[in-house]
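Notes follow the structure.
The values are calculated or read from the model by the stated rules, or taken from the named source; none is laboratory data. Values in this document were obtained by computation on a predicted structure and should not be read as measured data. No Cβ is skipped: glycine too gets one built from the backbone with ideal geometry, and neighbour counts run over all protein chains shown. What goes into the accessible areas is simple: the full protein's heavy atoms, side chains included, and nothing from ligands, DNA or RNA. Shrake-Rupley method; radii C 1.70, N 1.55, O 1.52, S 1.80 Å.
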Amino acid sequence: MHPIIEQEKRFGAPNYHPLPVVLARGEGVWLWDTDGKKYLDMMSAYSAVSQGHHHPRIVKALKDQADRLCVPSRAFHSERLAPLLEKLCKITGLDTALPMNTGAEAVETAIKAARRWGYTVKHIPKDKAEIIVGLNNFHGRTTAIISFSSEPLYREGFGPFVPGFVAVPFGDAKAVEKAITPNTAAVLMEPIQGEAGIIVPPEGYLKELQAICKKHNVLLILDEVQSGLGRTGKMFAFQHEIGVSGKDGPDGVILGKALGGGLLPVSAFVGKKELMDCFTPGSHGSTFGGNPLAAAVALEALAVLEDEHLVERSAEMGAYLLKKLRGLNSPLIREVRGRGLWAGVDIDPKKARARIVCEKLMARGVLSKETHETVVRLAPPLIINREEIDFAVAQLAAVLAEL
Ligand SMILES: *Cc1c(COP(=O)(O)O)cnc(C)c1O
């Protein structure tokens, strides 16, 4: 066994089960292990590296800012945060942004905002606010968030759980409407469920959700941590169905992952003013949230998305990837799902395990990771080109032929 893997196993908590590769360097869509072997990254850190590894512009922004000011805390104003907040409002069509670090923290922020709005604006009786979520959701790992997970693996042994959440089948707008009560503050959904296996809801789902939420005075909050910032071929996955503007869009959007440009954890909750104004000084915060180093990196990460037309690229290359995957015609594949550069190849568990497929892909120089036992997730950096996609799909075809 590689000595680094041995060391990690000895001193690290076993809460991950990584593929047996030790990475040392990354550049664009490529990664190198400690022996210098090269791999195509078809994972991009669950979408955190959409701009590609070690993007020269984002690395430069990080270095320049690191030489000036990094973490003054929000006890004071600092130069880079305000421009980032304005940019986040512009791209989401919303009014106000609140910066955090990890995706889970931004989800927690959204939950708090929704609850406060429920009490102060909607006048829900004290401690009765409910939030409707989708079955098989993934929104992170905090104790509040796993309280509304339906995945036993994420929950077992971690109770007691936080009340106030109601789960309904994903993709069924009528089920959401049925679950609404006078105490419902918000509907919280992923526009496409990522960890559940790249589950794309039926067409019209978000549009219907939006109409239902409006009708019942319930907030629509979308978790775009993984699906956002170009992953699905639009800036936000919800834009396949609903608009970007206060009137036509969601009431709140949660961002993370690619917002950090593959360098740092940067997240944010962005929402309508009446929702965000529920926060008062001291009611919520984060020591590192919105620090100038993170803000400089996030601003450059967003500028790179625009300047390199990565959203359009994701649409074009994603269509190419999905077409090639659907053309594989392997008896081991049950289904290919996806949108943009975000594909799930569902492997028939009677024929092979997704984990084995990923291990064999690794041996052939392609890195990916299974999700939910049966799905091979393919979500490369958005800068990937046709030849690189051809290479990845050829390796997958070869692996499936071997099994
Ligand atoms: C990854 C993810 C999160 C959590 O983000 P962390 O940075 O890991 O806390 C939340 N929501 C969705 C949809 C995600 O994919």
- Query: How do the helices (runs of 4 or more DSSP H) wholly within segment 26-114 filter down when requiring 1 or more residues that are under 26 Å from LEU341 (Cβ atoms), within 16 Å of the ligand (Cβ to nearest atom) and not assigned by TED's automatic domain parsing to the domain that holds VAL187: which remain?
  - Reply: 44-47
- Query: Taking segment 231-274 on its own, how many of its residues are in contact with a Gly (Cβ under 6 Å, 6 or more places away or on another chain) and under 12 Å from LEU98 (Cβ atoms)?
  - Reply: 4
- Task: Please work out which residue is least open to solvent (accessible area, probe 1.4 Å), limiting yourself to segment 120-169 and to residues that are of a type outside the set (A, V, I, L, M, F, W, C) and in a helix (DSSP H, G or I).
- Result: TYR154
- Note on the structure: Selection from segment 135-150 of residues in contact with an Asp or Glu (Cβ under 8 Å, 6 or more places away or on another chain) and either modelled with pLDDT under 95 or away from the ligand (no atom under 11 Å from the Cβ) (or both) yields ASN136, ALA144
